[in-house]
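Reading through the structure tokens given below for one structure.
The values are calculated or read from the model by the stated rules, or taken from the named source; none is laboratory data. None of these values were measured; they are calculated from a predicted model. Positions of Cβ are generated from backbone atoms using ideal geometry, with glycine treated the same way; all protein chains shown enter the neighbour counts.
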Amino acid sequence: MTLAKTVSMMMVAAISASTLTLSASTSQAQAGRPHSDYINTQSHAPVAPPAKKFPVNTDPLAGRQGAGALYSDQTPQLVWFEIFDEYVWTLLPSEEDKSVLSRPINNELERVQDYIKVCNKISRNYRMLAANVRKLPVPANSPGLAKYQSLKADFYVDMATVYEDLIRPRRTRTQEELSSQVKEIEERANQLKINSNNLLTMDMDLRRTFRVHQPKRTDALRRYVENK
């Protein structure tokens, strides 16, 4: 593919990328996340369970506070969600990544190369995230958790595929044909945004059912109380 055609494709695809990055971050924002997702670029090793556990709540209502609680009793479901949350925090796109994808291309080769590099990194991380989530053992007596795990892993694979398709070389004869292909990707990104919202609702319902707190790194109330 010639540079001119590659640049043209990136200019059109940038619109899709903006939609896509919103899809990736929507559930975190709605869950009260004040900061960006962080991508660990130093290591692709599976994230170990958090070394420091939350203290047991001595309140008489401990275990009944639900998804909005600052602390939750230690249960197998709590451990599952804490490891899951750590994977998500480590591997989702960063604010820097989102900035690279949403800035104008301006027919600059360097920006095109940065765009492709970030898309490649994000797609790899999404596939790794999907693999890590699938490997998490689901505790016994956890109705709905296995289904959520499967749906969430599938979502991450779908996200990776869209990013890969954004930068996949294409044989097109006209700009209209190229725009049509990119529009199809944008439509898939919009559908994933809807799916992300549905999965967020499922996540919140499960946390309420199993009395699990919000993700410790992203819960605004926790960060305020602990002065972080």
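Numbers below:
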{"item": "Scope the stretch 153-181; condition in contact (Cβ under 8 Å) with a residue 60 or more places away in the chain and in contact with a Leu (Cβ under 8 Å, 6 or more places away or on another chain); matching residues", "result": "Met159, Val162, Tyr163, Leu166, Arg170, Thr172"}
{"item": "In the stretch 181-196, the residues that are within 17 Å of Cys119 (Cβ to Cβ) and either assigned to a loop (DSSP other than H, G, I, E, B) or small (Gly, Ala, Ser) (or both)", "result": "Ala189"}
{"item": "Meets criteria (crowded, with 16+ Cβ neighbours inside 10 Å, of a type in the set (A, V, I, L, M), over 30 Å from Asp165 (Cα atoms) and modelled with pLDDT under 95) for Ala62", "result": "no"}
{"item": "The stretch 154-206, subset within 30 Å of Leu78 (Cβ to Cβ) and of a type in the set (Asp, Glu), residue surrounded by the fewest Cβ atoms within 10 Å (Cβ to Cβ)", "result": "Asp205"}
{"item": "Qualifying residue in the stretch 119-129 (condition: at pLDDT 95 or above and farther than 29 Å from Ser102 by Cα)", "result": "no"}
{"item": "All positions within the stretch 95-135 that are closer than 25 Å to Tyr148 by Cβ, surrounded by 17 or more Cβ atoms within 10 Å (Cβ to Cβ) and touching a residue at least 40 places away in the same chain (Cβ under 8 Å)", "result": "Ile122, Ser123, Asn125, Met128, Leu129, Asn132, Val133"}
{"item": "Qualifying residue in the stretch 163-184 (condition: under 13 Å from the mean Cα position of the chain (by Cα) and either under 29 Å from Arg103 (Cα atoms) or of a type in the set (Asp, Glu) (or both))", "result": "yes"}
{"item": "Of all residues making up the stretch 112-124, the number that are touching a Pro at 6+ places or on another chain (Cβ under 8 Å) and farther than 15 Å from Asp165 by Cα", "result": "0"}
{"item": "So Arg211, is it part of a helix (DSSP H, G or I), at pLDDT below 95 and surrounded by 15 or more Cβ atoms within 10 Å (Cβ to Cβ)", "result": "no"}
{"item": "Which numbered condition Met128 fails, given (1) farther than 23 Å from Tyr87 by Cα; (2) in contact with a His (Cβ under 7 Å, 6 or more places away or on another chain)", "result": "(1)"}
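For every residue, the table says whether it meets (1) β-branched (Val, Ile, Thr); (2) within 22 Å of Arg188 (Cβ to Cβ).
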site: Trp89; (1), (2): no, no
site: Asn107; (1), (2): no, no
site: Asp114; (1), (2): no, no
site: Asn132; (1), (2): no, no
site: Leu136; (1), (2): no, no
site: Leu145; (1), (2): no, no
site: Val157; (1), (2): yes, yes
site: Tyr163; (1), (2): no, yes
site: Ile167; (1), (2): yes, yes
